[in-house]
Amino acid sequence: MLDTTEYDEDLIMFRDTIRRMVEKDVAPIAAKIDQEDDMPHSLVPIFGDLGLIQIMVPEEYGGPGGTLTMACIAKEEVSRASFAVSHLVGATSIAMALPLTHYGTDAQRQKYLPEIAEGRTLTCIGLTEPQTGSDVSGIKTTAKRDGDDYVINGQKVFITKADQAKYILLFARTSEGKGHDGISSFIVPMDSPGVKIGGSPKKMGLRGIKNCDLFFENVRVPAENLVGEEGQGFKNAMGVLNLNRPTVGAASVGIAQGALDAAMAYAKEREQFGQPIGNFQLVQAMLADMAIQIEAARALLYKVAAFIDRDPTHPQVPMYSSMIKTFASDMAMKVTTDAVQVFGGAGYLQDHPVERYMRDAKVCQIYEGTNQIQRLIIARAMLKG
Amino acid sequence: MKVLVPVKRVIDYNVKAKVKSDGSGVDLANVKMSMNPFDEIAVEEAIRLKEAGKAEEVVAVSIGVKQAQETLRTALAMGADRAILVVAADDVHTDIEPLAVAKILKAIVDEEQPKLVIAGKQAIDNDMNATGQMLAALLGWGQATFASELDIDGDAATVTREVDGGLQTIKVGLPAIVTADLRLNEPRYASLPNIMKAKKKPLDEKTAADYGVDVAPRLEVVKTAEPPVRSAGIKVESVDELVSKLKEKGVV
Ligand SMILES: Cc1cc2nc3c(=O)[nH]c(=O)nc-3n(C[C@H](O)[C@H](O)[C@H](O)COP(=O)(O)OP(=O)(O)OC[C@H]3O[C@@H](n4cnc5c(N)ncnc54)[C@H](O)[C@@H]3O)c2cc1C
């Protein structure tokens, strides 16, 4: 494997440490997590002690002060064994560390980040509603000012890790009409009166992570829980997601690499017509194409991550962030499909990990903005010049 | 109390070693190298003593090629306070023999005055199992090798040793050398915050000449050979066939 991080001693140590942890603590239970649709909570302290859950919390608040490059390395390594478990990496980035760092008040940073920095608290983010997916401007959940409080009513769906989260960064409408402009974001403690966690639908992949329906009924939060200015919620959310979206690309690269590792091993071991299937040129072509696509995605991934680490406010960040998410997730879908093909009938069975990689890859093309929406963002940025 | 931990850079335990074509040793060019696993256990034990308030400072030392700096950074990221690198070879294939290593360590012990040296029981590359013992002899200190448990109480260490067929518990007066066996502890992962902090910890660079130690080899490697390849097994169709095959072989 060509190693994009090979010149930085710290990054190598970081990657090697994660690789060892994954081998010992994640890989042996990856299939079980998928089959039982349940992830053991005992992984939280392991990931927290390594600094992975809170990776983006700055050093001044007691966090590791990790970079996007590091978050991507960690996501890639963990996803290579378990995509579900990779959701513990940067599990507080988009709901806490990034929004508070970029848009929060000093008081909010002082109040929440030291707790997040300890690596035991999980958080979630709530944008999507039954009628509101790609078109965030359609958010119907409302937050009405009442004295020193806001009172929140509405429903969210698909909310990742809501069952384990202590806080949600919740997006709600603070003024009628005006589409995007009327949306604001709030930190809501999940144990607030009026917050109800509903069911978590059975999923094709990403099993082990719950995606919950959430109901908010007259939930009261103090006005100081408003993150950023009133009406700036949509803009801020997009800003934060742009800074984090490459990690979806990193997970995609990890999933694809895991599938290729499995396919390589199988191609050497499985014999047909009196020889290993890896001897057949049509199988070799599949393996070669898988490797080429993974390396290309990995190269773009770490290029974009380094770019964002260097210049997070550069106007081309959204475009490149969308590019790597789209390219890597489309790549992972194709590579994992081919990995199943290399396994033949065995690949279609749950006895081998490749069908799991294929099911997991699919959602990377959908969440954090579908690849169609990403392509719109890229083309619009290009045409605007 | 200060604890000194010598650490060696060796071929990573996951790498399948390949013998060089001339048989002079294992090919180490472009091969992944890591801290000797027994040394990692030694570092962990020293850090635990510090966390338990029984040691004030943990100093890691490595003797070898310049790249051993990475191994020391790992020790610092795990929690050692500072590190000393003694450059004693240029070529990654040069192994510094235990006696030369022990002599350099003695010079460092004279300078640093630790009360305890915790070393790995052996390095997984050459399996010499000699450095700790030689250092004890050179210093005239007591030694407790193959430790699976270590407890410090005042001026003595109580050490449980893994000996053939059982456990032996001994008490050794400090200063002393302890060598770590596999079951002494399970080393921690270096966390991201500690990897970041490790960059700022002091790492002194010395040479073997600074300590006046001649590192010229006393041994010559005559030949290195791969272990014999195991021949493939056979599949049997039934329990009866298994039993009859085993009988044929005279196993049952
Ligand atoms: C496993 C999982 C985890 C998730 N986690 C979270 C979470 O934690 N928090 C959260 O808020 N949300 C979460 N989501 C929701 C996710 O972000 C949305 O599913 C996603 O944004 C797409 O919205 P939608 O499902 O409503 O699809 P729709 O918007 O209904 O899209 C349907 C189809 O139409 C296409 N489409 C829509 N608009 C356009 C257009 N203008 N041009 C071209 N094509 C278009 C889409 O690309 C898609 O193919 C999660 C989803 C999943 C599956």
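Near the amide H of B:VAL26, within less than 5 Å, lie the amide hydrogens of B:LYS20, all on another chain or at least 5 residues away, with H placed in the peptide plane. Taking amide hydrogens as placed 1.01 Å from N in the peptide plane, the amide H of B:ALA144 sits under 5 Å from those of B:ILE177, B:VAL178, B:THR179, each at least 5 positions away in sequence or on another chain.
In the range A:52-84, comparing the full protein assembly with the chain on its own, the residues that lose 30 Å² or more of accessible surface at a 1.4 Å probe are A:GLU59, A:PRO64, A:MET70. Extension gain, B:GLU186 to B:ALA29: 0.36 nm times the residue separation minus the Cα-Cα distance gives 53.6 nm. Between A:GLU271 and A:ALA288, residue separation times 0.36 nm minus the direct Cα-Cα distance comes to 4.2 nm. Per-residue ellipticity at 222 nm from helix content only, as computed over chain B with -39500 (n - 2.57) for each DSSP H run of at least four residues, stands at -8000 deg cm²/dmol.
The mean sequence distance of close C-alpha pairs (under 8 Å, at least 6 residues apart), as a share of the length of chain A, puts its relative contact order at 16 percent.
DSSP assigns beta bridges within chain B; of those with both partners inside it, close to 40 percent run antiparallel.
Ignoring lysines fewer than eight residues from B:LYS245 along the same chain, the ones with Cα atoms less than 23 angstrom from its Cα are B:LYS235.
Per-residue mean of foreign Cβ neighbours for B:179-190 is 2 (Cβ atoms of other chains, 10 Å radius).
Of the solvent-accessible surface of chain A, computed with a 1.4 Å probe over protein heavy atoms with every protein chain present, carbon and sulfur atoms account for 55 percent. With contacts taken as Cα pairs under 8 Å and at least 6 residues apart, the range B:2-249 reaches a relative contact order of 24 percent.
With a 1.4 angstrom probe, the accessible area lost at the B-A interface totals about 1700 Å². With contacts taken as Cα pairs under 8 Å and at least 6 residues apart, the range A:9-117 reaches a relative contact order of 30 percent. Across the cross-link table entries B:LYS54/B:LYS171; A:LYS75/A:LYS196; A:LYS161/A:LYS196; B:LYS54/B:LYS115; B:LYS18/B:LYS249, which are compared at the Cα atoms, the separations over 23 Å belong to A:LYS75/A:LYS196; B:LYS18/B:LYS249. Only lysine pairs 8 or more places apart, or on different chains, with alpha-carbon atoms under 29 angstrom apart are counted in the range A:265-385, and they number 10. With θ taken as phi - 60° and the Karplus curve 6.51 cos²θ - 1.76 cosθ + 1.60 applied, the whole-hertz 3J(HN,Hα) list for the range B:92-105 is 4, 7, 7, 9, 7, 6, x, 5, 5, 4, 5, 5, 5, 4 Hz, x standing for glycine and proline. Along the range B:75-87 the Karplus relation, 6.51 cos²θ - 1.76 cosθ + 1.60 evaluated at θ = phi - 60°, assigns HN-Hα couplings of 4, 5, 5, 6, x, 5, 7, 8, 9, 10, 9, 10, 7 Hz to successive residues, with x for each Gly and Pro.
For the range A:290-315 and the range A:162-203, what is the centre-to-centre distance using only Cα atoms, to the nearest Å? If you average the Cα positions of each part, the centres end up 31 Å apart. In chain A, Rg over Rh equals 0.98, where Rg is the alpha-carbon radius of gyration and Rh the Kirkwood radius from pairwise Cα distances. Dipole check for the protein assembly as shown: with +1 at the C-beta of Lys and Arg, -1 at the C-beta of Asp and Glu, and the Cα centre as origin, the magnitude is about 1380 Debye. Under a 5 Å amide H cut-off, with hydrogens placed 1.01 Å from N, B:ARG82 pairs with B:VAL58, B:ALA60 among residues at least 5 apart or on other chains. Given only helices, namely DSSP H runs of n ≥ 4 each adding -39500 (n - 2.57), what is the per-residue ellipticity at 222 nm of chain A, to the nearest 500 deg cm²/dmol? Using -39500 (n - 2.57) per qualifying helix, the result is -15000 deg cm²/dmol.
Under the convention that each Lys and Arg Cβ holds +1 and each Asp and Glu Cβ holds -1, the size of the dipole of chain B around its Cα centre is about 380 debye. The DSSP beta bridges internal to the protein assembly as shown are antiparallel in roughly 60% of cases. A simple rule links phi to the HN-Hα coupling: the Karplus curve 6.51 cos²θ - 1.76 cosθ + 1.60 with θ = phi - 60°, which for the range A:31-41 gives 5, 5, 4, 5, 5, 8, 6, 8, 10, x, 5 Hz, with x for Gly and Pro. Listed cross-link partners B:LYS106/B:LYS201; A:LYS24/B:LYS20; A:LYS32/B:LYS16 are compared with a 26 Å cut-off, the Cα-Cα value being larger for A:LYS24/B:LYS20; A:LYS32/B:LYS16. Each peptide in A:279-285, A:98-104 was scored by the mean count of other Cβ atoms within 10 Å over its residues; highest first, the order is A:98-104, A:279-285.
The values are calculated or read from the model by the stated rules, or taken from the named source; none is laboratory data. Computed from a predicted structure; not experimentally measured. All Cβ positions, glycine included, derive from the backbone under ideal geometry; neighbour counts span all protein chains shown. Areas reflect the complete protein model, heavy atoms only, side chains present, ligands, DNA and RNA absent. Shrake-Rupley method; radii C 1.70, N 1.55, O 1.52, S 1.80 Å.
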